[in-house]
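Data block below; observations after.
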Amino acid sequence: MAVESKTFPGGAGTPVPAIRFPLRSLAIPDTYQRYFTWAQIIVVFLSLEFSLWTPVPGGRNRWIVITMLAVLLFVLVDRPSLERLGLRLPKTFGASVVLGISFAAAILMVLAVRWAGGVIRPNPTWPNLHLAWQYLVWAMIQEFMLQSFFFTRFERLFEGTTAVWVSATLFAVAHLPSPILTTFTLIGALFFCEMFRRYRSIYPIGIVHALLGLTVSVTMPNNLLHHMRVGFGYLRF
């Protein structure tokens, strides 16, 4: 999810641990655990939206900090395994699938722009290793929030492909009112969430998130992209 600045049929992959409610260790009755899960989702998403739509820069920064702290707090309270969070190193096959499809998508995006008569805009600040690493770190943070926080909770509530669609839709909503980013993030998040559901690692997903984001930034017209801003920052551009 940016701040100012396909689904596939089931197949082979690393087995995902059974869905469970780790909050039982906190003596929360089963009938209330789903409500607590929904409460976590709502609190974090509303906090994120406040950070995107607050017009005062200082206010945005405070809400960003609040959002990050809320995510970390709820993750600690939930006490999931590293495997469930997707923080273990990826299996070779899973990483190859994610990276291969995404690199092909980036190449096709560039070729499609050239075929349609568009121009790949020159950027005097690119390539810039420092900026690329910044965006890669931000892409990893976004994927942690999308996969390790939102998707794991929707998976607990819905399971299967429903969790993929709900998570991807929420991710796209966070990129309003940018028409390009909202469209691309919906498509991308469907792919990201399905790959996370199958192979359970955010690292290759974060890498391709950064790759595809940078590809969008140099192939799409800036009068629609607005420097990849979303929320109030998109309107103020």
- prompt: For the pair Ser96 and Asn61, how long in nm is the line joining their label points, each one 7 Å along Cα→Cβ?
  reply: 4.7 nm
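What is the Rg over Rh value, at two decimals, for the stretch 22-236, using alpha-carbon atoms and the Kirkwood definition of Rh?
Numbers: Rg = 18.0 Å, Rh = 18.3 Å.
So for the stretch 22-236, dividing Rg by the Kirkwood Rh gives 0.98.
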field: Within the stretch 22-236: Cβ-based charge dipole about Cα centre, in debye rounded to nearest 20 (Lys, Arg +1; Asp, Glu -1)
entry: 160 debye
- line: Taking the square root of 5λ for each eigenvalue of the C-alpha gyration tensor of the stretch 29-102, the equivalent ellipsoid has semi-axes, largest first and in whole angstrom, of 28, 22, 11
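Can you tell me how much longer the chain between Ser81 and Val110 gets when fully stretched, taken as 0.36 nm per residue apart minus their C-alpha distance, in nm with one decimal? Don't skip to the end; give the middle numbers.
Values: separation 29, 0.36 × 29 = 10.44 nm, distance 3.88 nm.
Stretched fully, the Ser81-Val110 segment lengthens by 6.6 nm.
Give me Ser102, Ser167, Ser217 ranked fewest to most by other Cβ atoms within 10 Å of their Cβ, as a rough exposure proxy.
Details: Ser102 23, Ser167 28, Ser217 16.
Listed from fewest to most nearby Cβ atoms, that is Ser217, Ser102, Ser167.
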query: Which whole-percent values make up P(r) of the stretch 133-237 when all C-alpha to C-alpha distances are grouped in 10 Å steps starting at zero?
result: 16, 47, 30, 7, 0
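Readers should treat all values here as calculations from the given coordinates under stated rules, not as data from a laboratory. Please read all numbers here as calculations on a predicted model, not as lab measurements. Cβ: placed from backbone, ideal geometry, glycine included. Neighbour counts: every protein chain shown.
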